[in-house]
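The values are calculated or read from the model by the stated rules, or taken from the named source; none is laboratory data. For clarity, every value in this text was computed on a predicted model and none was experimentally measured. Every residue, glycine as well, gets a Cβ built from its backbone with ideal geometry; the counts of neighbours run over all protein chains shown.
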Amino acid sequence: MQPIRRCLAVAALAALPLATPSLGQPAPAQATKPGIERLYILNCGEGVAGDSCYLIKHSQGWLLWDTGLADAIAAMPEGQRPADPRATHWRRPKTLVSQLDELGVKPSDIKYVAVSHTHPDHVGNMALFPQATLLVQKAEYEWPSPVGPRFKPEQPVTKLEGDHDVFGDGSVTIISTPGHTPGHQSLLVKLPKTGAVLLSGDAVHFKDNWDNRRVPENNDNQAKSAASLQRMADVMAKEKAQLWINHDKAQRDSQKLSPGFYE
Ligand SMILES: [Zn+2]
């Protein structure tokens, strides 16, 4: 009898560790994978050019890149007609809020708002995100604007001086690209399946600017812009990144828009 009993005892001990995980532990399959999950392209306005915003889902929270034209323009039947007929006549077919809502995201869910720069078609909806931390270059924040302050003093802000790894894991990095404005910045996003994408901001307005390394008009500093285009080319070569150009409507028309997304 003795050997058999010992055998049973050993078998019972061996079975214990296998049985343990079922005793009240959460199913591991439910856990969110750490890191960046997906990117949505939102329609943030239409004119001669398109205006895009980008919403990034990371396990640490939501990041919105640019906020587009003010949502109020969506309620104007003819859009915002410029005083100067040569300037862009902007329309907003959908509000930013309605596109977030479609994804089940409330403005108060947004952890970070990063803006490429502070022209009105990029910061038009900052007021929707009073709780979010603004990520902006110090030079841009302090740039005097003829139309008055672009940010409320109570808006939480991290004033950057150069590149910035937003989540500390290299998945989303602000790249300093001054020139279009004093503190212009671009965004390098490393998506798990799509790969690396560089969001241009207004460092270039259209593909033609980029292909010919032509610095756009309406520029704060031509030499800095030219240096930034080179910097972007270097980053893209190193990271094998695609360039997504904010105002290039032709490119946007070829892309998946929200609620579609890129992983
Ligand atoms: Zn601009």
Matching residues in segment 223-243 - criterion: being at negative phi and outside any helix (DSSP H, G or I): Ala241, Gln242, Leu243
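Could you list all residues from segment 175-188 that are within 11 Å of the chain's Cα centre (by Cα) and either among the aromatic types (Phe, Trp, Tyr) or surrounded by fewer than 24 Cβ atoms within 10 Å (Cβ to Cβ) (or both)?
Going residue by residue through segment 175-188, those that are within 11 Å of the chain's Cα centre (by Cα) are 186-188.
Leu188 - this is the single residue of segment 175-188 that is within 11 Å of the chain's Cα centre (by Cα) and either among the aromatic types (Phe, Trp, Tyr) or surrounded by fewer than 24 Cβ atoms within 10 Å (Cβ to Cβ) (or both).
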If you check Asp202, Asp248, Asp208, which single one turns out to be of a type in the set (D, E, K, R) and exposed (fewer than 15 other Cβ atoms within 10 Å of the Cβ)? Asp208
Flag for Val105 being out of contact with any helix residue (DSSP H, G or I) (no Cβ under 7 Å at 6 or more places or on another chain), part of a loop (DSSP other than H, G, I, E, B) and closer than 16 Å to Phe129 by Cα: yes
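Checking the conditions here, which among Pro153, Pro182 is touching a Phe, Trp or Tyr at 6+ places or on another chain (Cβ under 9 Å), of a type outside the set (Val, Ile, Thr) and either over 20 Å from Gly61 (Cα atoms) or within 16 Å of the ligand (Cβ to nearest atom) (or both)?
Pro182
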When the residues of segment 126-174 are narrowed to those that are acidic (Asp, Glu) and farther than 19 Å from Leu199 by Cβ, which ends up nearest to the chain's Cα centre (by Cα)? Glu161
Select from segment 70-100 the residues that are of a type outside the set (A, V, I, L, M), part of a helix (DSSP H, G or I) and buried (at least 17 other Cβ atoms within 10 Å of the Cβ) and list them in ascending order. Asp71, Gln99
Cβ-Cβ distance below 6 Å, separation of 6 or more or different chains: which pairs start in segment 111-138 with a residue that is within 15 Å of Pro153 (Cα to Cα) and of a type in the set (Phe, Trp, Tyr) and end on one that is outside any strand (DSSP E or B) and modelled with pLDDT of 95 or more? Phe129/Pro107
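Any residue that is in a loop (DSSP other than H, G, I, E, B) and within 16 Å of the ligand (Cβ to nearest atom) - is there at least one of those in segment 189-201?
Yes, the conditions are met somewhere in segment 189-201.
With the requirement that a residue be over 16 Å from Asn125 (Cβ atoms), in contact with a strand residue (DSSP E or B) (Cβ under 6 Å, 6 or more places away or on another chain) and at pLDDT 85 or above, what does segment 42-78 give you?
Within segment 42-78, Ile56, Lys57, His58, Gly61 meet the criteria.
Residues checked against (1) free of Cβ contacts under 8 Å to residues at least 60 places away in the same chain; (2) under 18 Å from Ile175 (Cβ atoms):
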| site | (1), (2) |
| --- | --- |
| Leu199 | no, yes |
| Val204 | yes, yes |
| Gln222 | yes, no |
| Gln230 | yes, yes |
